[in-house]
Structure formats: C-alpha cells, structure tokens
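Data block below; observations after.
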Amino acid sequence: MNTEAVTARVLDFIRTEFLWSDEDRAIDAATPLLEWGIIDSLRIALLQAFILNEWDVSVPTARIDARNFKNAASIAAMICELEQETVR
Amino acid sequence: MNLHELVIRSARRYPLRPAVAGEGRELTYRALDRAADAYARLLARAGVGRGDRVVLWGDKSPEVVVAMQAVLRLGAVYVPQDGTAPAGRVATVARDCAARVVCATGTRLTRIRPALDLPVPLDGTAQPDGTTRPDAVPGLVTVLDLAAAPPGDDEAVPPVDTEVKPDDPAFILYTSGSTGTPKGVSISHRNARAFVDWAVELLGAGPGDRFANHAPLVFDLSVLDLYAAFAAGASVRLVPATLAYAPGELVEFLHRERITVWYSVPSALILMIRGGGLLDRPAPAGLRAVLFAGEPFPIAHVRRLAAWTKARLLNLYGPTETNVCTWHEVVPADLERDRPVPIGRAASGDEVWARTDAGAVAGPGEQGELVVTGPTVMLGYWGGPPGSGEYATGDIVTVLPDGSFDYVGRRDHAVKVRGHRIELGEIETTCDAHDEVETAAVVVAGEGMDARLVAFVVPVPGARPGALALRRHLAERLPSYMITDHVHLLDDLPRTRNGKIDRPALVRRHLTLSKGRS
C-alpha cells in the first residue's frame, strides 16, 4: 500500500464529501482537519465507513483520536499501519 | 454553605474516598482538599484575592478541578476556558473579565502571552517556587502553570477558606454573544448551590455514586457532575475531550468506570447509540440515572434507551443564565408521544411561567416565552447591569394540561447545533472581520444530528476569499463548534421585502445545492 496514493484518495473523499460547497477546496496532506472544523465526530464516522469500503480496513475505536485524524497524512499513515497489521 | 465548602466537608467525612479521576489519575477527597489549599496559596502569592477573576485554560484534568477549588477558597471567581479554545479567544475573555491571573498548561502557557500582549518572561513562564515575579507588573495579567499544583500529599499546608457571601460570584461561564463578543454569565454561590442541592435530592446521590463528567467544564452541565458529586461525597469521572470523536470509547468508559449517573447532551447519547454500540451490550447494572439537557431528544432514541436500561431517564432544561430551571422524568406514557418528552415543571426552587406576546401568563394549550425567577437566576452578565431577578429565556413553550411545559423552539437567532447554543450573529461578526469579506450571513440547515452551520459570504469588490482561509480565520477566533461546515460565496444576500436578510431562502438554497449534489 502506497501512503501517498492513500493520502490522495483520502483528500479526494474529503473534498467531494465535506468540502463540496467550497470553491477552492485547496486542502493538502497537512491541512488541520479537526482544528479547522473540516471534520467532526459525525464526519469521522463517514470516513470510517469510506476506509472500510475502499481498503477493507476497519478502524478500531481505540485508534479514533485527535492525533490519527489530525490531517490527511496522519489518516493515511494510520490506514497503512492497520492494513499491515491485518496482513501480519 | 457556599460552593467551595462542599469539598471541604466531604474531605472531612470521606477523606479516603475517590473525589475526582481523569487523565489516568485519581484524587481522594483528602488529596483534592490539600492540593486546593496549596494551589490557593500559589494564587494568593500571584495577587489573587476575594472577587478577582482567574481564567483556567486547559484540558479537562484533576489539575483544573484543583484550580477551581483553589480559586473558590480565596473568595475569587473562576472562568473556565476549553483546552481547545484558540489563544485569541481566551485572551478576549481574560480582557473582558479583567482577569488577575490566567492559569494554563503546556504550550498554552507560551501561546497566551503574545495573545495578551505580555512580555516574554526572562526566566521561564512559571517559577518553580510558584512566584510569578516576571509577570507581577501592575495592570498586567499574570500567567501561572496549572501543573504547578502540588500532588496533594503535603500535610503541612494550612487550610484556605475565605468567607464569601452567598451572592458573591463563584464562576463566570462565557456563552456565544449576539453582538459578536462572548458574554460572561456570572453565577453566584447561591445560584449554583440552589441547583446542586436540588439535584442531589432528586437523584438521592450518595458517596457510592460515580458521576460521569461528559460536558466540557465551560458548560453549565458540568456544574451538576462536579458539585453534586462533591456534595454527596461521590466521585466524578472526567471524560477526556478526545473521546468526543470515539463513541465506542465513550461506551467503554461508561462500563469501565462503573458510572451510576450519566449527564450529557442528547447528541452524545445518539452518537453512542449509532456509532458506539451502546445498546448492543446490557446496560451497566449500577447505572441509576441518565440525564440529558441542552437540546430536544428525538423520542425514538428515548424509547430505545428506555427499553435498554432500568435507570431513571431525566430531561433537564435551562439556559446557562438560569442553569436547570425545569425538569421532567420520563414515564411510560411519554414513549407514546410523537415528539420529544416535555421539559416539565419548575426545578431548583425556581418559578417558571410562559408569557404570551400580550404579556399575559399563558394557560394550558397556549404558547409563550418561558420566564424564570428564583434562586438559580444569574447575577447578570459580567460587565453589564445587575440582573433583574427575572430571566426571559427566549424559548417558546406550550403549556400542557397539567401545567408543565413542552419546548417549541427559539424566538431569536440563537440556535442549538448538536447541543451547543450558538448566536449566529457572533459567527457573522467574526466572518465580517475577515479582510476579504464585505458581509456574511450564517444559517443552520438540516435538523438534529444532521444540522449544519452554513455561511453565505459576500466578498469585498475584487476579492474572492477562499473557503479554507475563512475556516482558518474562524478557527483562530471561535470554539470549534462555531466553525461553519459550509461556505458559499454570493454577490449579494437575498432580502425580504422589509430589507431583512431572507434566511429561509438561504437555507433552501443550501439544501437545494446539497440535494443536487447527491
């Protein structure tokens, strides 16, 4: 699994689902998603469903915290880690 | 007896019982009592005396609770600020209440200084011995480390128990203000005690109880969790703010901490049901009461909760200005309704009635604005004139045949989004402060859990402010629950015939765009 590709896909999802009303949607891998109110608890639940659907990776509740969902890069890193754990 | 004496009394009666737990630490009543005395001495050295305001800015932790108690013991007034609040907002609040001291933790200690225009200290932010020499300049706010609170095992600390009058302020809770500036609701010892004593009696709370503290300490819901527990010699278990994103963890918390009294906004319970599997496990045997407040709880979820637990289900109502002024205990007949359970009848020794547009007292079947008088009604807004003793809530209610009340909705632009009371005007004013914004209107689209804050922005000529830049602008100035979910740019705002912004048209426009997208 390629972290960069996962990051790009996560960004795509966020742009399409959460930022559809924005003209610029100029977020990048480091944009602080929680801090700027782009995601909240409900949207994290939607992201969880997306991650399961897209990569067959289930995010355990213990991993749902402000650190893992800080930005698209941290979300992608978590997905790759979880995927590795599943493979092992 | 005043508010701070609850811990002092319970420390005498139950010294070794757990008082407060959070962030992996637990303090007994004795430890809390001694730590509060020790921290009170630090605050006194920083110049805090009776009536002074002390801002407490940090994540929910036993240290913050210690600091609250310390402030009260000096006869001073604490002003809690959420750990996630931006430094600029904390500074605005500190200036508004003319705080003597701002207590903070970690990087907040350094972030608050420039926000307050304070000089950078020459030798560290807080002195190890608790003195604050570098900051102790007349007219300047002192910054103190919350973590400087000693562990609470020092027997040599003499007790601090400044005499205060029941009508002296105990704490100030800042709420969203319609003029764009947050408003400080000043609550006296008498106000808080009237509610706490009522709640302890209603719940039959005792030393064996374990209260969950779900609400942030800046919200009035937390007054019950903390002080009803302290009054009863019970224990309060602080729910970390990070669990707001993890419904499964919240459910786990409820079981692991053996919570007997749960109090939160309905949104939190719905999240636990939908995303945390709350109802998939049997209800904890010790759970005696589930209290909810802050917004209407859809009846379908109340039915599911009632089928899940034998615990009492209690709907509490009241704005920050009055704390809880009405209550209703869910009975089987309520579950047959097709609307949320009633907000019920007067609580906490208050008197409540509905006032019609004509100024008369509304009778059964009639609607009016809920008005409150009595011991829980605030002293007034900080810096404003004293309260008249009567508070018109801005909430429209229907009077039921038995004289109790059913909530209908708000009469002004204040809205509730997932339990948070928000003055849309405050978000609009903050949007307007952006360099590239000519004017903005903010509306709520959708209902209940699906409610979204939507900004419609008219840019200054020639500008095209980015939605993300605007979000960032808001995030630096407002609490996270006030950041708009969507931003639309418009050439002009639609107006009604009398020139007012046509808000329903804006809501329709957003919903149409949203629908068209899906």
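The values are calculated or read from the model by the stated rules, or taken from the named source; none is laboratory data. Not measured: the values here are computed from a predicted model. All Cβ positions, glycine included, derive from the backbone under ideal geometry; neighbour counts span all protein chains shown. SASA here: full protein model, heavy atoms, side chains in, ligands and nucleic acids out. Shrake-Rupley method; radii C 1.70, N 1.55, O 1.52, S 1.80 Å.
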- [ ] Note down the net charge around residue A:13, summing +1 for each Lys or Arg and -1 for each Asp or Glu among other residues with Cβ under 13 Å from its Cβ.
- [x] +1
- [ ] Describe numerically, in nm with one decimal, the distance between label points set 7 Å from Cα along Cα→Cβ at residue A:17 and at residue B:110.
- [x] 3.6 nm
- [ ] Before rounding to the nearest 500, sum -39500 (n - 2.57) across all DSSP H runs of length at least 4 in chain B and divide by the residue total; then give [θ] at 222 nm in deg cm²/dmol.
- [x] -8000 deg cm²/dmol
- [ ] Work out the charge dipole of chain B with +1 on the Cβ of Lys and Arg and -1 on the Cβ of Asp and Glu about the Cα centre, then indicate which of B:262, B:301, B:235 is farthest towards its positive end.
- [x] B:301
- [ ] Determine the order of B:336, A:81, B:426, B:249 by accessible area, beginning with the largest, at a probe radius of 1.4 Å.
- [x] B:336, A:81, B:249, B:426
- [ ] Could you check how much of the accessible area of chain B is carbon and sulfur, as a whole percent, using a 1.4 Å probe?
- [x] 52 percent
Open item on the list: Let me make sure I get this right: for segment B:419-517, a, b and c are the square roots of the gyration tensor eigenvalues over alpha carbons, sorted descending. Under 1.5 in a/c it's rounded, otherwise prolate if a/b > b/c, else oblate. Which is it?
Closed with: rounded
Open item on the list: Using protein chains only and a probe of 1.4 angstrom, how many square angstrom of residue B:262 are accessible, to the nearest 10?
Closed with: 0 Å²
- [ ] Leaving ligands, DNA and RNA out of it, work out the accessible area of residue B:267 with a 1.4 Å probe and give it in Å² to the nearest 10.
- [x] 10 Å²
- [ ] Please turn the phi angles of segment B:73-86 into ³J(HN,Hα) values with the Karplus equation 6.51 cos²θ - 1.76 cosθ + 1.60 (θ = phi - 60°), one per residue in order, whole Hz, x for glycine and proline.
- [x] 5, 8, x, 8, 10, 8, 10, x, 10, 4, x, 8, 5, x
Task: Neighbourhood charge, 11 Å Cβ-Cβ cut-off, centred on residue B:314 and excluding it, Lys, Arg +1 and Asp, Glu -1 - done: +1
Open item on the list: Keeping all protein chains in the complex and leaving out DNA, RNA and ligands, what accessible area do you get for residue B:486 with a 1.4 Å probe, in Å² to the nearest 10?
Closed with: 10 Å²
TODO: Could you order B:189, B:328 by accessible surface area, starting with the largest, using a probe radius of 1.4 Å?
DONE: B:328, B:189
Task: For chain B, accessible area per residue (1.4 Å probe, heavy atoms of protein chains only), Å² - done: 39 Å²
- [ ] Give, rounded to the nearest 20 debye, the magnitude of the charge dipole that the protein assembly as shown has about its Cα centre when Lys and Arg contribute +1 at Cβ and Asp and Glu contribute -1 at Cβ.
- [x] 580 debye
- [ ] Amide H neighbours of residue B:408 under 5 Å, at least 5 residues apart or on other chains, H built in the peptide plane: list them.
- [x] B:396, B:397, B:398
Task: Computed lengthening from residue B:505 to residue B:360, 0.36 nm per intervening residue step minus Cα-Cα distance - done: 48.9 nm
- [ ] Rounded, prolate or oblate: pick one for the protein assembly as shown, where a ≥ b ≥ c are the square roots of the eigenvalues of its C-alpha gyration tensor, a/c under 1.5 means rounded, and failing that, prolate if a/b is larger than b/c, else oblate.
- [x] rounded
Task: Förster-model FRET efficiency, 51 Å R0, residue B:412 and residue A:87, C-beta, rounded to 0.05 - done: 0.35
- [ ] Taking all protein chains together and a probe of 1.4 Å, list A:56, B:485 from the most accessible to the least accessible.
- [x] A:56, B:485
TODO: Hey, can you grab everything whose amide H is under 5 Å from the amide H of residue B:312? Only 5+ residues off in sequence or another chain; H modelled, so Pro and N-termini drop out.
DONE: B:289, B:290
- [ ] For segment B:105-117, take each phi angle, set θ = phi - 60°, evaluate the Karplus expression 6.51 cos²θ - 1.76 cosθ + 1.60, and give the result in whole Hz per residue in order, putting x for glycine and proline.
- [x] 10, x, 5, 4, 4, 8, 5, 6, 4, x, 5, 9, 6
Open item on the list: Per residue, how much accessible surface does segment A:3-87 expose to a 1.4 Å probe? Answer in Å², no decimals.
Closed with: 45 Å²
Task: Phi to ³J(HN,Hα) by Karplus 6.51 cos²θ - 1.76 cosθ + 1.60 over segment B:376-392, Hz, x for Gly, Pro - done: 8, 5, 3, 5, x, 7, 4, x, x, x, x, x, 7, x, 10, 10, 8
Task: Percent carbon-and-sulfur accessible area, segment A:3-87, ignoring ligands, DNA and RNA, probe 1.4 Å - done: 49 percent
Open item on the list: Using a 7 Å offset from the Cα along the Cα-to-Cβ direction at both residue A:28 and residue B:162, what is the distance between the two label points in nm, to one decimal?
Closed with: 5.1 nm
Open item on the list: Compute accessible area for segment A:40-72 by itself and then with all protein chains, 1.4 Å probe, and report residues whose area falls by 50 Å² or more.
Closed with: A:41, A:42, A:43, A:61
TODO: Taking a probe of 1.4 Å and counting only protein heavy atoms, give the total accessible area buried between chains B and A in Å², rounded to the nearest 100.
DONE: 2300 Å²
Open item on the list: Please list, ordered by chain and number, the residues whose modelled amide H lies under 5 Å from the amide H of residue B:502; skip anything fewer than 5 residues away on the same chain.
Closed with: B:495, B:496
Task: Cα gyration tensor, chain B - rounded (a/c under 1.5), prolate or oblate - done: oblate
